[in-house]
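The values are calculated or read from the model by the stated rules, or taken from the named source; none is laboratory data. The shown structure was predicted, so the numbers you read here are calculated from the model rather than taken from an experiment. Neighbour counts are summed over all protein chains in view; Cβ atoms, including those assigned to glycine, are modelled from backbone coordinates with ideal geometry.
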């Protein structure tokens, strides 16, 4: 029997295109990932950003990775991150790892070294809990950290921020879903103390609604 050929293909899509509304105003956000490759080697582009509704875009970031599958459910990533806003001159070397546990739990972790020598990182865990054939609950927990203090970013060493979200998604088609949910964001540790001393908000809870799609 002839061995099945591993053909390169284009995949991905936008996981989040959403509107956030809360006491501090309305905002929009997008987060998408696109890849091209086979089951072993992939080129991966991640794009994310957002800003105040009816205002300027506050953050735009792109990450370009080479991905290498090292086991059935784990991919190692190496590449570069470019910040277009708020600091358009910033470029980072980037490494990461993505994994899947069963069909419901996904996780990812990244570390970045900026051209200024700052080491930062982030991680996320996502769980998909089916309710019906088309409806499912999606809790997420994300953490950010910094190895150094940065006056420009307003952070201190250690864990800097956390985001806990619950989205209720409904599959409209096999490739399109709509969702609503709640997002709670909080600054942590020394970064929280620094923001509080400056009179800035240290936590927020907002309602979200949006959609996602895959290619």
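Brief remarks follow.
- A single member of 186, 201, 195 is touching a residue at least 24 places away in the same chain (Cβ under 8 Å), within 25 Å of residue 53 (Cα to Cα), in contact with a helix residue (DSSP H, G or I) (Cβ under 8 Å, 6 or more places away or on another chain) and not in a strand (DSSP E or B), and it is 201.
- Looking at 32, 11, just one residue is without any contact (Cβ under 8 Å) to a residue 24 or more places away in the chain and assigned to a strand (DSSP E or B), and that residue is 32.
- Scanning segment 70-84 for residues that are in a strand (DSSP E or B), exposed (fewer than 15 other Cβ atoms within 10 Å of the Cβ) and without any contact (Cβ under 8 Å) to a residue 24 or more places away in the chain turns up 70, 71, 78, 80.
- When 90, 115 are screened for being over 28 Å from residue 70 (Cα atoms), surrounded by 15 or more Cβ atoms within 10 Å (Cβ to Cβ) and at pLDDT below 95, only 90 passes.
- Each residue in segment 140-159 was checked for being touching a helix residue (DSSP H, G or I) at 6+ places or on another chain (Cβ under 8 Å), within 12 Å of residue 118 (Cβ to Cβ) and assigned to a strand (DSSP E or B), and 2 pass.
- Residue count for segment 144-155 under the criterion of being free of Cβ contacts under 8 Å to residues at least 40 places away in the same chain, crowded, with 16+ Cβ neighbours inside 10 Å and touching a strand residue (DSSP E or B) at 6+ places or on another chain (Cβ under 7 Å): the result is 3.
- The residue list 16, 53, 10 contains one member that is surrounded by fewer than 13 Cβ atoms within 10 Å (Cβ to Cβ), in contact with a strand residue (DSSP E or B) (Cβ under 9 Å, 6 or more places away or on another chain) and either within 21 Å of residue 128 (Cβ to Cβ) or modelled with pLDDT of 90 or more (or both), which is 10.
- Screening the candidates 43, 27 for the property of being in a strand (DSSP E or B) and modelled with pLDDT under 95 yields one hit, 27.
- Residue match in segment 120-130 (condition: outside any strand (DSSP E or B), at pLDDT below 95 and more than 14 Å from the chain's Cα centre (by Cα)): no
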